[in-house]
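Heads up: the structure comes next, in structure tokens.
The values are calculated or read from the model by the stated rules, or taken from the named source; none is laboratory data. Source: prediction; values computed, not measured. Here the Cβ positions follow ideal geometry from the backbone for every residue, glycine too, while neighbour counts run over all protein chains shown. With ligands, DNA and RNA removed, areas are computed over all heavy atoms of the protein, side chains included. Shrake-Rupley method; radii C 1.70, N 1.55, O 1.52, S 1.80 Å.
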Amino acid sequence: MIKNTEYMIYQLSEDQIEKYKKAGFIANTVLHKASKLIKPGVKYLEIAKFVDEEIKKHDAIPAFPVTIGRNEIAAHDIPMHEDQREFTDEDVIKLDVGVAVDGYVGDNAMTVDLTKNYTELVQATRDAVHAAIKIIGPGTLISDIGKEIQDAIKSHGYNPITNLSGHGLAQFKVHTYPTIPNYQTGSNAKLEENMAIAIEPFATDGNGSIREIQPSGIFSLLKTKSTRSAFVKEVQTSMTKFNGLPFSRRWLDEKHGLGKVNLAIREFQLAKTIISHGPLVEKSEGMVSQHEHSVIVKDKPIVTTLHNKF
């Protein structure tokens, strides 16, 4: 990306575009394979491990830990070490899978309704993401994308979650400029050619706002720190291998052991060298649905994750 005094010019080589497309293809393939395994009695941890292994089979890495949001939990909930939670027939599950190829990210999500009672809520976000994609192009007002999402969700009788949004994608960055709102903001910001973005609507029968809760199993390393502890150094070295991408503490637990990781994370949190990403819950405990696609902005947009219909 080259910065100009008047505007931003986004440049992507054909090789970079191919990496975005490959990441999107893998992410979409894994998302759909995993979604078919979500059934009552199956453990969350089984799905998470399946996703990790499937991504490895494609010689790629997770862009973030697969998140599994149940009912009022919109995002950022992941199974921890020895998590025993199982899906039930009372669950509406949001499954969010991200893949990185040489750091270039494909990010997509879908909703699995095990209750069979929230078909309309699921359709609301499905319609919203596709309505948004239809107007994407260089010069599109970002607020207009938000309006398309808002109108589609409202047409089904639900509310968009307004403090969650889509986002830009970049090498080893899952969330970057621009923010893609899920409602009409009135902003004059526009899409630029070659931007890589994720369109990510959330719908709810609640009030339309989320809050973060703890504990968190997702972390990002902001910077390294000097430490005298040999095992803390080992844990930090493992963290650096994610190149700034969000990671699951479960991955560290399995490699270094729960006790060592607890001590290391505590030290890094005190030093403010890592941040956590806790589960995001709809404030009024409304049911939530989600769908997401990754797109490269062109006159004819490239939807890198659109290989299976959802």
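Miscellaneous remarks
- Tensor-based shape of segment 151-223 (alpha-carbon gyration tensor, a/c under 1.5 rounded, otherwise prolate or oblate): oblate
- For segment 1-146, alpha-carbon Rg over 2.2 N^0.38 Å: 1.20
- Sites K56 and E18, calculated FRET efficiency, Cβ-Cβ separation with R0 30 Å, nearest 0.05: 0.90
- CD proxy at 222 nm, helix term only [per DSSP H run n ≥ 4: -39500 (n - 2.57); per residue of the chain; nearest 500]: -10000 deg cm²/dmol
- Using θ = phi - 60° in the Karplus curve 6.51 cos²θ - 1.76 cosθ + 1.60, the 3J(HN,Hα) couplings for segment 210-216 round to 10, 9, 8, 10, 10, x, 10 Hz; x is entered for Gly and Pro.
- Hz values of 3J(HN,Hα) by residue in segment 162-171 - Karplus curve (6.51, -1.76, 1.60), Gly and Pro given as x: 7, 9, 10, 8, x, 6, x, 10, 8, 5
- Exposure check, 1.4 Å probe, all protein chains in place: T179 carries approximately 90 Å² of accessible surface.
- Legend: residues D91, D299, D102, sorted from most to least accessible area (1.4 Å probe; ligands, DNA and RNA excluded), read D299, D102, D91.
- Heavy atoms of L306 accessible to a 1.4 Å probe, total area in Å² rounded to 10: 80
- Calculated from backbone phi, Karplus (6.51, -1.76, 1.60) coupling profile of segment 92-98 in Hz, x at Gly/Pro: 10, 10, 9, 10, 10, 10, x
- Rounded if a/c under 1.5, otherwise prolate or oblate - the chain, Cα gyration tensor axes: oblate
- Over segment 212-268, volume per residue of the alpha carbon convex hull, in Å³: 81
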